[in-house]
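As structure tokens, the structure follows; a few thoughts come after it.
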Amino acid sequence: MSKSKFLTDEELPFCKGCGHSLVTRNCEKALTKLGYNLLDVILVTDIGCHGIVDKSFLTHTVHGLHGRSVALAGGISLGMSEPEKKVIVFIGDGGATIGMQHIIGAAHFGINITVVVHNNMLYGMTGGQPSEFTPCGFKTPTLPNGNQNEGYDICKLISVAGSSYTERVLGIGDFSDSLAAAISTKGFSLIEVMEICPGYGIKSNPGLKLSSLVKETGLEVKVFESINRHRNYSFVKPTDSDLCSDNLLIEKKIDCSLKGRVAISISGSAGEGVQSAAEFLAKAAMRSALNVTKKGSYPVTVGVGYSAADVIISSESINFTGISVPDVLIITSSEGLSYARPIAAGMNNGKILIDDQLEVPVTAAEIIKVPFRNRAGEKSCSVYSIFWFINTFNVIPVEAMKQVFLENKISKKVSIEKMMQI
Ligand SMILES: Cc1ncc(C[n+]2csc(CCOP(=O)(O)OP(=O)(O)O)c2C)c(N)n1
Ligand code: SF4
């Protein structure tokens, strides 16, 4: 199949012969047939080999937790009112096992999504453990004598639960019409694609053919009758805004002259207000009618170690929320410095604002030393660093920062005058 606008030109990331490649190519073909625009498609992927495909899609992509992608996709679908948008979930049989309740719930409530189950009958990414879809007798590296029990028939379960379109297909050749039928169905639809993982399934079951295996299991390859569909559930949206409209929850209050996009990374220590600093900046930018994304990174032990955040502010819409190289890197502590060293090393221009007591990292960016910790103290040094940045470079109006800060309970403990020092 030829390349299309839905995928990058990169090779797909799967092992040779993996059925996940075929699902991707068929999905791309179905979307092309249906005439979707790139940014009208929201692909939600689950954890597993199939999930690494999201870097290959040029549509919106969201990577969910293992088994939770259907719940995530349901939320996205319910949060949008544009009928031309389509939410598609890619999930493995492992994720479908872990998240079965979400799938049954979404079918039951008639949530408008299409779920594509990549059923390779085992957990591919972690080395071939069995899932609840592993057929009786099927061997995996951790079940060398073969599974003792029957696998689930997800298509039967889902069609009874209320799915509007349900089909099982063999992951061979062209099944794009089946995907197109599911994708064009309004309400919940599911396609289960049967595959054998060459990495683990074929190795453990040499010579096994997909079509004969599926025949032996008794799993029917067909479109299933929809039972209990057209339920009349309604969901009240929590606000009058939705994920796609320009109707912002935060009013534009302050004029801002920024044109283009600025990517800011803040790197400091847990407990020193890094996430609050990023949140203040994000809210102040929204108040200035800019588009904003904010992400936090920290170890699972949230109370110790580094804490870092990425904020993008832009007068244009932000379609990619990652920051490969920031325009501005702010470093407020030694733990933040350890985390940010590789980021600094990758900067060929831009600015690094660093606490004046810290060693300067290797970088080609401009270094600006500021006594963040001495002036504001350890608890407030990160929030202060954002005030200093805004006050010095006027990227957004400082008035917006002041308003956001003064509305927060932190302003009862920390004076705005302290934050405004330059
Ligand atoms: C809640 C949770 N449990 C376990 C894991 C570990 N894990 C990562 S990938 C994976 C297997 C994925 O298998 P499957 O969903 O079938 O997808 P495939 O790799 O076969 O495409 C597991 C168990 C995890 N990430 N999260
Ligand atoms: S390990 Fe299996 S599921 Fe994962 S990419 Fe390789 S063949 Fe595909």
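The values are calculated or read from the model by the stated rules, or taken from the named source; none is laboratory data. Being a predicted model, the structure only gives us computed values, none of them experimental. Every residue, glycine as well, gets a Cβ built from its backbone with ideal geometry; the counts of neighbours run over all protein chains shown. With ligands, DNA and RNA removed, areas are computed over all heavy atoms of the protein, side chains included. Shrake-Rupley method; radii C 1.70, N 1.55, O 1.52, S 1.80 Å.
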Say we look at the stretch 332-379 and pick out the residues that are open to solvent by 10 Å² or more (accessible area, probe 1.4 Å) and among the polar types (S, T, N, Q); which of these is nearest to the chain's Cα centre (by Cα)?
SER338
What are the pairs with Cβ atoms under 6 angstrom where one residue, in the stretch 11-22, is within 6 Å of ligand 2 (Cβ to nearest atom) and the other, located anywhere, is assigned to a helix (DSSP H, G or I) and of a type outside the set (A, V, I, L, M, F, W, C)? Sequence gap at least six, or different chains.
PHE14/HIS20; PHE14/SER21; HIS20/HIS50
Check on ILE196, surrounded by fewer than 18 Cβ atoms within 10 Å (Cβ to Cβ), closer than 19 Å to GLU220 by Cα and within 16 Å of ligand 2 (Cβ to nearest atom):
no
Residue by residue through the stretch 97-149, note down the ones that are in contact with a His (Cβ under 9 Å, 6 or more places away or on another chain), of a type outside the set (Val, Ile, Thr) and within 16 Å of ligand 2 (Cβ to nearest atom).
HIS118, ASN120, GLY124, MET125
Restrict the check to the stretch 125-148 and report whether at least one residue is among the basic types (Lys, Arg) and closer than 23 Å to HIS66 by Cβ.
no
It is to be established whether one or more residues within the stretch 104-111 are near ligand 1 (Cβ under 9 Å from one of its atoms) and assigned to a helix (DSSP H, G or I).
no
Residues that are more than 15 Å from ILE422 (Cα to Cα) and of a type outside the set (Val, Ile, Thr), drawn from the stretch 361-376:
PRO361, ALA364, ALA365, GLU366
Regarding LYS86, is this residue open to solvent by 30 Å² or more (accessible area, probe 1.4 Å), in contact (Cβ under 8 Å) with a residue 24 or more places away in the chain and either away from ligand 2 (no atom under 16 Å from the Cβ) or closer than 28 Å to THR8 by Cβ (or both)?
no
Here are SER21, SER81, SER77: which of them is outside any strand (DSSP E or B) and within 12 Å of ligand 1 (Cβ to nearest atom)?
SER21
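A quick yes/no check of all residues on (1) more than 16 Å from ligand 2 (Cβ to nearest atom); (2) crowded, with 18+ Cβ neighbours inside 10 Å; (3) among the polar types (S, T, N, Q):
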site	(1), (2), (3)
ILE202	no, no, no
LEU208	no, no, no
VAL223	yes, no, no
SER226	yes, yes, yes
Checked against (1) open to solvent by less than 10 Å² (accessible area, probe 1.4 Å); (2) closer than 18 Å to GLU192 by Cα, ARG68 satisfies every condition except (1)
Looking only at the stretch 24-63, and only at residues there that are acidic (Asp, Glu) and within 18 Å of the chain's Cα centre (by Cα), the one that is nearest to ligand 1 (Cβ to nearest atom):
ASP46
Based on what the data block shows, is LYS16 open to solvent by 20 Å² or more (accessible area, probe 1.4 Å), within 24 Å of PHE109 (Cβ to Cβ) and basic (Lys, Arg)?
no
